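The values are calculated or read from the model by the stated rules, or taken from the named source; none is laboratory data. Keep in mind the model is a prediction, meaning the values are calculated, not measured. Cβ: placed from backbone, ideal geometry, glycine included. Neighbour counts: every protein chain shown.
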């Protein structure tokens, strides 16, 4: 269905083209079915079975190395993915630390697959280097290449340099690519960029909710970061998510789940009067990762924002990305109901984010779009191969392409 939404729908026969590319990505990422099933995954499965959703429950396919079934977690291995050309790995220990950076060599991350191999084939990697400006060399359309101004290092030790390249690939993630190219267009460095730049930005129609079990002796941080999921309906998917024990900062932005601000005040006051100790333990960040099940909820419903560079009231010194367009729903009712059932079944308290509940602002971990594909510059920033309309030797290759 996604291939039939937006300006890219008629560019290619995506159903025929994409399987080969998915196969390449699967090989590079070393995708495997989750074999470190944690307590959170087991609770999700139990609730799914109770709700008649057992057939919709799935273990995730992830870029994690699990080793063989008869070995101990953490067993070191010669590179299992690229015929020994990559770095050594170790099998996953199920610590839940995937999203903050695997410290054990099990997650097949960018630095140890693509970048590791690219460097050994002559690519130069420049860490802590920020691109400040992109300008064509000589020819306005970039046929002669590009001049790239960068800042290397941080703080007092940072220095500016200028690099030149025959061709340029922009891959700064959706927000980074939009920011960089919008500034280039505003300065007149890349004036021919499409007026579609910054448009059709998606957030995955996402909601980050969860359940906390204060005082639980079950360590819910065990497993991989996103180990299992369930398709609640045709549009809504929920995944059991976690951080490693001790990574409790997310607890600072979680609060009691309710149906709007007024209902939140009622729920808060009721719990304060009846169960003050329980309320304190729910909202205290300590042990949050060990005691909590995060539910990452996403929908395929079509909805978009536009991004522009504007000055914000709290920082008028520099223009920043600001969203415009129809408000994105701040909650997913069917996902909230699922979280409340999970809380009731296992003796927990349903939670949502502070920004969602008190400020009517949803959270997302997946911002995409903004430099989308289109047949020409009236319909998109790039063509179906990511080549930027109006320029030569300039390619976008990240999530900003997705319409």
Of (1) under 26 Å from the mean Cα position of the chain (by Cα); (2) outside the structural domain of residue 351 (by TED's automatic domain parsing), residue 208 fails just (2)
Subset of segment 307-340, residues surrounded by 15 or more Cβ atoms within 10 Å (Cβ to Cβ) and either closer than 19 Å to residue 40 by Cα or assigned by TED's automatic domain parsing to the domain that holds residue 180 (or both), comes to 335, 336, 338, 339, 340
Matching residues in segment 244-269 (in contact with a strand residue (DSSP E or B) (Cβ under 6 Å, 6 or more places away or on another chain) and assigned to a strand (DSSP E or B)) number 1
How many residues of segment 383-403 are in a strand (DSSP E or B) and either in contact (Cβ under 8 Å) with a residue 40 or more places away in the chain or buried (at least 23 other Cβ atoms within 10 Å of the Cβ) (or both)? The answer is 4
Pairs returned, first residue in segment 4-28 that is part of a helix (DSSP H, G or I), second residue that is modelled with pLDDT under 90, beta-carbon separation under 7 angstrom, 6 or more apart or interchain, are 14/3; 15/3; 28/113; 28/114
Being crowded, with 18+ Cβ neighbours inside 10 Å, at pLDDT below 90, in contact with a helix residue (DSSP H, G or I) (Cβ under 9 Å, 6 or more places away or on another chain) and closer than 30 Å to residue 278 by Cα narrows 357, 363 down to just 357
Of 279, 190, 272, the only residue that is in the same structural domain as residue 136 (by TED's automatic domain parsing) and not in a strand (DSSP E or B) is 190
Checked segment 173-203 for anything under 30 Å from residue 251 (Cα atoms), surrounded by fewer than 19 Cβ atoms within 10 Å (Cβ to Cβ) and in contact with a strand residue (DSSP E or B) (Cβ under 8 Å, 6 or more places away or on another chain); matches are 175
For this session: Considering every residue within segment 194-209, establish whether at least one is at pLDDT 95 or above, assigned to a strand (DSSP E or B) and more than 30 Å from residue 286 (Cβ to Cβ).
Result: no
Scanning segment 373-382 for residues that are touching a helix residue (DSSP H, G or I) at 6+ places or on another chain (Cβ under 8 Å) and under 27 Å from residue 138 (Cβ atoms), the one surrounded by the most Cβ atoms within 10 Å (Cβ to Cβ) turns out to be 381
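Evaluate segment 229-241: report whether one residue or more is within 18 Å of residue 357 (Cα to Cα) and not in a helix (DSSP H, G or I). Give the derivation first.
The initial filter retains those residues of segment 229-241 that are within 18 Å of residue 357 (Cα to Cα), namely none.
Looking for residues that are within 18 Å of residue 357 (Cα to Cα) and not in a helix (DSSP H, G or I), one finds none in segment 229-241, hence no.
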